[in-house]
Each structure stands twice: as structure tokens, then as C-alpha cells.
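S.K.: Here it is, the structure, as C-alpha cells.
The values are calculated or read from the model by the stated rules, or taken from the named source; none is laboratory data. Nothing here was measured: the structure is a model prediction, and the numbers come from that model. Heads up, the Cβs are rebuilt from the backbone with ideal geometry, glycines too, and the neighbour counts pull from every protein chain shown.
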Amino acid sequence: MKTDQIYDYIERLGNLLRTDSRRGGAEHGLQPVQLEALHYLSLCNRYSDTPMATTEYLGQTKGTVSQTLKVLEKKGFLTKKIDDNDKRVVHLKVTKAGDKLLKMFIPSRQFKDACQQLSEKSQTQIVACLKELLQTTQHTNGMKTFGVCHTCRYNQKKENNHYFCNLTQEPLSSTEIQLICREHLNVA
């Protein structure tokens, strides 16, 4: 088994990514968890852009995420909007300033440069292996997948590039199906 080696490499890469994130975020008075939250919110759909979903995705406490969101809102990197149908639900949207910040730091310049040094074949193999490892880890441990909508068993393609979520019973746009959803279930 190569478990220890795989863990060591992923753990080291994670530390290097957090170091890059820490440097980039520090320029704007942000902690790595704040950049991670902002990044998640830039990738998720309307079912997953809530404080609770952010908490689940990051695996942090409600208090940590609450403070994180307050900082991001205060700095103008995200806004809060009450749901039109359910006034108890708050949606979090990344602002243009937040998008600009993310484009500068995620992924970091150092990580982009390192990936560009790899062949297309190596990049494809790494993506496939990491995807398989992530899915296996999530499945084995009963974790939510937070996958992209178009890979979900609930997503149904209709005529003329229209989509429908069989879980929420709502239509989905072609843009929405490219986003992360907390209700995601892998296709069997």
C-alpha cells in the first residue's frame, strides 16, 4: 500500500497551497479560511450559497464561518441577500471585488507555473487520480460530495439544452449545471 506516501504528498501540497493563500490573503487582511470560503462561494449554485452549506463544505464550526462571512462582507468581497421565497434563508454572493481577488490568488501564480511545467498527459492523469481518490474518500466516509451539478444523478437534460433538477423540481440553467451543489449525488 502506498497510503503513507500519497498522504505525505497531498499533505505537503496542501501546506504549500495554504502558504501561497496566506501570503495572498495577507495583502488584503484575509486569513486562508476566508479565501477558501470566498472561493467556494464563487463556485456554488443557488442551493449551496448559504452560511450552512459553506460551513459543511469547509468543515468548520458555525462560529468560524459566521466570523469569516462577516469579514468578507465588511471588506466588500461578498453580499448577503434574503431568499425571495423563504425569508429564513440567506444567499451569499461574491462581488466583483471578490471575483477580482480570487483571480489574483486562486490558484496561486506558483501553482499555475508548476502545473504548466507538466505535460498535458501528466495533468490529465493527476486530475483523474485525484478525482478518484476524492470520490472514494467521500464515499467510504459517507461525506457529502459537493459535486458539480451536471455530474449529479438528479440532473436531467431536457430538449434544447434545458436542464431540470429532479430533487428540487426546478429548472436549471446551463450556467447553473457547471456549479457545485451541496445536494449532489454521484451517478450510480
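S.K.: Could you list, in sequence order, all residues of the range 114-151 that are free of Cβ contacts under 8 Å to residues at least 12 places away in the same chain and of a type in the set (Ser, Thr, Tyr)?
M.R.: 119, 122, 124, 136, 137, 140
S.K.: Still on this structure, please answer the following. Take residue 36 and decide whether it is assigned to a helix (DSSP H, G or I), without any contact (Cβ under 8 Å) to a residue 24 or more places away in the chain, outside the structural domain of residue 174 (by TED's automatic domain parsing) and within 25 Å of residue 178 (Cβ to Cβ).
M.R.: Answer is yes for this residue.
S.K.: Just checking, does the range 43-55 include any residue being of a type in the set (A, V, I, L, M), in contact with a Cys (Cβ under 8 Å, 6 or more places away or on another chain), surrounded by 15 or more Cβ atoms within 10 Å (Cβ to Cβ) and touching a residue at least 12 places away in the same chain (Cβ under 8 Å)?
M.R.: yes
S.K.: Sort out which residues of the range 171-188 are in contact with a Lys or Arg (Cβ under 9 Å, 6 or more places away or on another chain), more than 19 Å from residue 40 (Cα to Cα) and modelled with pLDDT of 85 or more, and write them in order of number.
M.R.: 171, the sole residue that qualifies.
S.K.: Cβ-Cβ under 9 Å, sequence separation 6+ or interchain: first residue in the range 159-175 and assigned to a strand (DSSP E or B), partner of a type in the set (Asp, Glu) and surrounded by 11 or more Cβ atoms within 10 Å (Cβ to Cβ). Which pairs?
M.R.: 163/176; 164/170; 165/176; 165/183
S.K.: Collect the residues in the range 42-60 that are in a loop (DSSP other than H, G, I, E, B) and at pLDDT below 95, keeping them in residue-number order.
M.R.: 45, 46, 47, 48, 59, 60
S.K.: Restricting attention to the range 128-157, which residues are at pLDDT below 85 and assigned to a loop (DSSP other than H, G, I, E, B)?
M.R.: Result: 141, 142, 143, 144, 145, 146, 147.
S.K.: What residue, among those in the range 100-127 that are in a helix (DSSP H, G or I) and among the small types (Gly, Ala, Ser), is surrounded by the fewest Cβ atoms within 10 Å (Cβ to Cβ)?
M.R.: Restricting to residues being in a helix (DSSP H, G or I) and among the small types (Gly, Ala, Ser), the top hit is 122.
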